[in-house]
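In what follows, a single structure is set out as structure tokens and then discussed.
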Amino acid sequence: MIKKFSILIAGGGSTYTPEILILLLESKKSFPIRKIKFYDNDEKRQEIIARACALILKEKAPEIDFTYTTDPRKAFSDVDFVMAHIRVGKYEMRDKDEKIPLKYGVVGQETCGPGGIAYGMRSIGPIIELIDYMEKYSPNAWMLNYSNPASIVAEAVNRLRPNSKVINICDMPVGIEEKMAKIVGLNSRKDLTVRYFGLNHFGWWSDIRDKDGNDLMPKIKEYIKEYGLDTYKLDGKKEDESWENTYRKVKDVFDTDPNFIPNTYLKYYLYPDYVVHHSNPKYTRTDEVIEGREKRVFDEAIRLIKTGDVAHCKFKAGNHASFIIDLARALSYNTHERMLLIVPNHGAIENFSYDAMVEIPCIVGKTGYEPLSIGKIPIFEKGLMEQQVAVEKLVVDAWIEGSYQKLWQAIMMSKTVPSASVAKDILNELIEANKEYWPELK
Ligand code: NAD
Ligand code: G6P
Ligand code: MN
């Protein structure tokens, strides 16, 4: 008999939950499911998403057993995969992560700079808690974690629960690879074979080929030199304005080292002055998401609950969801698919810290992942990565030791922050804002 899987989505109330559910249903043939559960610590938020999803499931896959709960024991018992996407402090705290640094003329961003550090300090405890629940109630399960800030979370998990079955992932590279495929006229990112190195939200493509081994870098670079990664003229897809700016800015990020193709997130480290200058301290990405994605998802969920009109459901599966399910499939069926994961370096990047969490291609199969060897990286990228990995390690140290000094060092070490005194002002305000979430710092 074929095995059918039981999936828990942790952070059931997330704006991404419906698209993951839709993809799970669309993938039923290649990835059979017997049970889906949602878990969240915000009962009301989760209930809206869950009731809408229950209607979709009833219509499209009544055979799947579906429940949602805020009880960890019920949630984590009898599961094969935990797909975790919690946002500790929700948009209310993301708003502060973005707006507090901006008051001091510093980048205010979800995962980069002081905002990302603040979010990291909030996320470590609750993520460890999820892992402990999984190990207690379903010790054979895998957790596929994409809760942000993924780099700090990955560092903390590697330090505090080094033997746990957790894989940390990010959808930015797959989103960018989808654009690259368009640029070279291929159907999908799956037609590309890539080499990539870096940290999460801090990396570069060093090689991109088609399935016959032809080098696609020259054509992609040609395009980026002109348009960055703005592919509107190729696919006609409109993105939110802030993302469009980010994709265009890749042109200038690429200019800093035309040997490689950069991840979009490097703009926060290489052009922080530009980013701050183009930010509105009163209206940041959080406001855009609250008025955009969050509103769209929750309005549609409420519409479904009121009308039961599943036939006209607007939820669609995207890249984000497909990557996660590919990973679950690779672990279940030993597909040996090549995927970018956030893993301990352990020598893969020859001239970089052994114990840093890096984002590199891995071969994924039943026993987990095997990183590919990257070799030596150039001094420019290595220097930038060393500074950033030190930030991430200091944050985890600060959380474990309750150390004010180390968190201050982490913030002053970030390339987005100009001085120790600015770092201190931002830190003091972040401590106040995060009282409910951070350990006490001495
Ligand atoms: P969201 O606020 O809509 O959803 C997050 C949910 O997590 C909320 O319902 C919240 O109540 C719940 N939550 C918070 N703390 C919890 C806890 N301790 N236990 C259980 N549930 C908890 O956020 P979103 O915009 O949908 O994003 C969800 C997460 O996914 C974020 O961390 C985001 O950064 C991350 N994300 C990561 C990637 C990636 O590339 N790794 C891509 C997209 C989104
Ligand atoms: C990309 C990144 C994620 C990040 C998201 C932010 O997908 O890989 O790590 O959470 O963008 O998107 P948002 O729309 O919430 O600003
Ligand atoms: Mn990411």
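Which length gain, in nm to one decimal place, applies between Lys306 and Lys90 when the Cα-Cα distance is subtracted from 0.36 nm times their residue separation?
Extra length from Lys306 to Lys90 when fully extended: 75.2 nm.
Within the chain, which complete DSSP H helices have Cα atoms spanning at least 18 Å along the helix axis and a mean Kyte-Doolittle hydropathy of -1.0 or higher?
The answer, listed by residue number, is 43-60, 113-137, 319-333, 379-401, 420-433.
Using unit Cβ charges (K, R positive; D, E negative) and no other charged atoms, how large, in debye to the nearest 20, is the dipole of the chain about its Cα centre?
My answer is approximately 880 debye.
Can you tell me which of Trp204, Trp399, Trp243 moves the most in a GNM of the chain? Springs connect C-alpha atoms under 10 Å apart.
Ranking Trp204, Trp399, Trp243 by mean-square fluctuation puts Trp243 first.
Could you put Glu63, Glu337 in order, starting from the residue whose Cβ has the fewest other Cβ atoms within 10 Å?
Result, fewest neighbours first: Glu63, Glu337.
Using the beta-carbon distance between Arg296 and Ser419 and R0 = 56 Å, what value does 1/(1 + (r/R0)^6) give for FRET efficiency, to the nearest 0.05?
Here the calculated transfer efficiency is 0.90.
Dividing the Cα radius of gyration by the Kirkwood radius, what Rg/Rh value follows for segment 387-433?
The Rg/Rh ratio comes out at 0.94.
Give me Thr264, Thr111 sorted ascending by neighbouring Cβ count inside 10 Å, so fewest comes first.
Thr264, Thr111
From the P(r) of the chain, can you give the percent of Cα pairs sitting at distances over 38 Å?
Summing the P(r) tail past 38 Å for the chain gives 19 percent.
How high is the relative contact order of the chain, in percent, counting Cα pairs under 8 Å that sit 6 or more residues apart?
Relative contact order of the chain: 17 percent.
How much length is gained on full extension from Lys233 to Asp255, taking 0.36 nm per residue of separation minus their Cα-Cα distance?
Working it through step by step, the gained length comes to 5.8 nm.
Can you sort Ile167, Ile127 by how many other beta carbons sit within 10 Å, fewest first?
In order of increasing Cβ crowding within 10 Å: Ile167, Ile127.
About the Cα centre of segment 1-139, how large is the charge dipole given +1 on each Lys and Arg Cβ and -1 on each Asp and Glu Cβ? Please answer in debye to the nearest 20.
Rounded to the nearest 20 debye, it is 220 debye.
With label points built 7 Å along Cα→Cβ from the Cα atoms of Lys44 and His277, find their separation and express it in nm.
The modelled label-to-label distance comes out at 4.4 nm.
Find which of Ala84, Gly105, Ile33 sits farthest along the positive direction of the dipole of segment 1-130, computed with +1 on the beta-carbon of Lys and Arg, -1 on that of Asp and Glu, about the Cα centre.
Ile33
Which residue, Asp212, Asp40, Asp230, tops the fluctuation ranking in a GNM of the chain built on C-alpha contacts under 10 Å?
Asp212
Between Asp65 and Tyr333, what's the calculated FRET efficiency when r is the beta-carbon distance and R0 is 22 Å? Round to 0.05.
Efficiency, rounded to the nearest 0.05: 0.50.
Rule-based calculations on the coordinates, nothing more; no lab input. Fair warning: this is a prediction, and the values are worked out from it, not measured in the lab. Here the Cβ is made from the backbone with ideal geometry for all residues, glycine too, and neighbour counts use every protein chain on show.
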